[in-house]
Structures are given as structure tokens and as C-alpha cells.
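Reviewing the structure listed below.
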Amino acid sequence: MIIFLETLGCSRNRVDSEIMLGKLVAAGHSITNDPHLAHVIIVNTCGFISTASDEAVDVLLEMAKLKKTGLCKKLIATGCLSQRYKEDENLLSALPEVDAFLGTAAIDLIVEAVENESKKPLIVFPDPVNRPFQDLAEQRQLTNNFLAYIKVSEGCNRKCTYCIIPSLRGIQRSRPVADICKEAAILVKTGVKEILLTAENTTDYGQDFQDGKGFEHVLASVAATLENEHANANTWIRFLYTHPKTLTESIIKSVKNHKNICSYYDVPIQHASSSILKKMGRPYTIEDLYALFNTIRKIDPGAALRTTIIVGFPGESDADFDQLMTFIKDIRFDHLGVFTYSDSDDLKSHLLKNHVPSKIAEKRHGMLMAAQAKISVSINEKHVDKTFEVLVEENPEKGVYIGRTKFQAPEVDGVTFIYANGLEIGTFVKVRITEAFEYDIAGEIL
């Protein structure tokens, strides 16, 4: 059969989608990028916040139309939306067009779901804790031939009051270091130019082990593996979703000591007011955050910093927001993502007092983004006349390519426009920056 798979949400979902695609190809099925040509449509959903759940439902309903107007005979929902609302009969009854619901721990059953001929919907929600790590012998079907995410762990042991992930993905289970290194080596051998280590909290890695070896060991081991086994391959290593409490000085020094690790720190702090952080269940203070980012800048002055913020969290006062704004202006992040608080009755934060009106939350969102825009363009202007290595990713029009530097992560950050002809997608080039924009930069080949 011909399969179309739509991935929504985070990089962890993308890995799950690539695993499912690999299983389907191994079973003899074909993959298409056009849902109109598909016999089976799979939507790997996100259910992290209400807007993500709404988007997932909208996509499912849109794809369901192809059961009438296209070739589609079966529609399958996988991922976090299915897992989050597994006991909600209203969701199941609201989506009668869906032929199978598979939870986050049921992706191993994707071939069975596709080939199931029963007219009765297949509904499977195993406990995420019981989900095994994938056998590396099973080939992932990469959705990008020169970029690949590697999950270093599954699940989360944190107790953030605004987050549903632990109930969707289970407790933290770290992968053996040898498996991670082996997967990285296999991916680089196939031509991957950027490895992105990911997890719910990458720097929490190893806390469920007894040997005391944490994320620093993983990072150094992956870097050493690629340096030793693929010395001639220029491969970037990037790690995402660090936790401020476990991003240690030793990790920062490890980044500095390995040239193939990007000096790029994705540190979702969520807020900077100590009182709001406490309500969020985040185990650090504003003083801790100042100390952390000052340490990064001291050890690695050229490092790029990224964070994400939630505004409008219950109880956020004008004073809390002012403190957050001051912090953002003080640290001057290279990249900043801002979200307004998303409430749901299955969150601990739902029970907190003094919920912030949506108009105020949206206003604060706009104020923070406006402040960051000024910071971002100021930082980008300092890149002009400097030369950077850029990974070429797209060729949207003649004479223009789109790529990224080491200080630009895929999908979430700005890009580098390259004015050139004849470049090969998936290769590295040297680019002299000639223009700076609010979030992007542009330049020419040396």
C-alpha cells in the first residue's frame, strides 16, 4: 500500500515517525509525500498544549475528507493526542473517521494497524514505560537525508505543573551510551551532516543509571566516536532541550573541547521570576539562571543561547513580568521562543489561583517578542563581514539558497540566505555575511 505520514509537534515525534516509516518500508509498503495519492494516512499527533491538540484534530478532520475524495481507505492517529485523551470517549466519538488510535508506546504496531482488515477501530494504549528502545538493526526512514535527531532518553521525571508529558511518555529511561554512539556512526555513514541529540530534558540523561555517568559522558562519547570513526566527515553535533538544573560546567567545558559540537545552548527556562518558577515546579531561581548563563559566556564567549518562555502563567503579576523582561534584556539571547500559558483541567497548574486574562497574556507576549526583535537584529548586525560555515539545505529560487550556521538550529531559529549558483544541497560552504535582518542573515560564497 501507499502510505502518507504527517508529523506534528516536537523532534521526538519526528524520530517516532521515522521509525514507523522504516517499519512500513521494511514490510513492503511505499511512502508518498502527497496525501491525495495515499491508501493509508497516518497523523503522528501532538497533544502537549490545547492549541496543539486542536491542530491535531483539525489535521485529522482535513485528512478524513480524502476518504471520500481521494484514494485513502484508512486513517490512523498516533502519538500524544491519542495518548492524552485515551479515556475520553468524546474524542473517539468525535473522530469516527479514524480507523486506529495508537498511543506513544504503540508505534511498534504500526504495520499491524495499516494491514488490519477489521472494520472495528484498533485502539491500543500500552504503558509508555514498557516501550523498548528500537533495535538499531531496524533502519529509520529519514525525512531529511543530511539531518537526524537521536533520542538519548525517553520520558521525564520532572514535575512541572504546566506539563502533561510524564503521563504521555512515562518516567525517564536513558539509552545505553554504546547504542547512542552506534546510531550516530550509522547515520553519519549514510551521509547525515548534523546529529541532534534530543530528549524531554537531554541533560537529565543518566539519572536513572547507577554508574553516575550523565549527559557529559554521552556528549563526549558521541563526539569521540565521530572523530575516530569518521575523521574525514564534517559532522555537526547539536543538543537540544537542556534543563537549567543539570546543564553543568563540565558539559559546557566538554562542548568547548570538541570542535564538532556546536557551541549552542538550548535552555528552556520558562520564566525568570523566582515566585513564578516555584509555581511552575521549576527547581531554580533567577539567581541560578544569571549564574548559569554567565558561566556559559565565561567558558565559551562565542556560544549561541536560546530559550523558551511562558507568559501569562497563573499568578504572573506585572512585577513578575517586569522581572522577566529585565532578565531577557540582560542576557540577550540569540534566539527566543515565547508561548502564552495554555490551560487544561488535567494540569496541576489549572488549580492555581489568579489566572491571567488572555488579553493581558497576549499583550505580554507581544512586548517580549518586540524586545527580542531588537536584541536579535543587534546580534545579527555583528555577524556582517564575518565568515561562517553554513550547511546548505534548500534552493527555493534561482540564485538563492537557504542554509544554517552552527548558531542556527533547524526549524526554530532564523536561517542564512546564500546568494550563489550551483551549490549542492546537504554540503557545507563558507559564507561571508553581507546583510542582517530581524531573525535571518544573508551572504555570499567566498
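Data for the structure
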quantity	calculated
Separation of alpha-carbon centers, region 361-418 and region 304-358, rounded to whole Å	23
Candidate aspartates and glutamates - alpha carbon under 15 Å from Lys119, same-chain residues fewer than 8 apart omitted	Glu97, Asp99
Likely footprinting exposure, Val415, Val377, Val338, fewest C-beta neighbours within 10 Å first	Val377, Val338, Val415
Vicinal HN-Hα couplings computed from phi for region 12-21 (Karplus, 6.51 cos²θ - 1.76 cosθ + 1.60; Hz; Gly/Pro x)	5, 5, 4, 4, 4, 5, 5, 5, 4, 4
The chain: calculated mean residue ellipticity at 222 nm from DSSP helix runs of at least 4, using -39500 (n - 2.57)	-10500 deg cm²/dmol
Over 30 Å between alpha carbons, listed pairs Lys359/Lys386; Lys68/Lys359; Lys86/Lys353; Lys253/Lys279	Lys359/Lys386; Lys68/Lys359; Lys253/Lys279
Cysteines having no other Cys beta carbon under 4.7 Å from their own, within the chain	Cys10, Cys46, Cys72, Cys80, Cys156, Cys181, Cys262
Positive-end extreme of charge dipole, the chain - chosen from Asn257, Ala373, Asn44 (charges on Cβ)	Asn257
Electrostatic dipole magnitude of region 311-446 [Cβ: Lys, Arg +1; Asp, Glu -1; Cα centre; debye, to 20]	300
Per-residue ³J(HN,Hα) for region 335-350, Karplus 6.51 cos²θ - 1.76 cosθ + 1.60, θ = phi - 60°, Hz, x for Gly and Pro	9, 9, x, 10, 10, 8, 4, 10, 8, 7, 6, 9, 9, 5, 5, 4
Too-long pairs where the Cα-Cα distance tops 22 Å, listed order kept, from Lys278/Lys348; Lys23/Lys193; Lys23/Lys213; Lys245/Lys298	Lys23/Lys193; Lys23/Lys213
Positive-pole candidate from Phe209, Ala442, Val392, dipole of the chain, charges at beta carbon	Phe209
Within region 147-381: Cβ-based charge dipole about Cα centre, in debye rounded to nearest 20 (Lys, Arg +1; Asp, Glu -1)	80
Gaussian network model of the chain, Cα within-10 Å springs - most flexible of Gln372, Gln408, Gln210	Gln210
Burial ordering of Lys182, Lys256, fewest other beta-carbon atoms within 10 Å first	Lys182, Lys256
Total charge dipole magnitude, the chain, about the Cα centre, Cβ charges on Lys, Arg, Asp, Glu only, Debye to nearest 20	580
Leading residue at positive end of dipole, the chain (Cβ point charges), from Val59, Ile299, Pro35	Ile299
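Laboratory data are not the source of any read-out in this text; all were calculated from the coordinates shown. No experiment lies behind these values; they were computed from the predicted model shown. Counting neighbours? That spans all protein chains shown, and the Cβs are built from the backbone with ideal geometry, glycine included.
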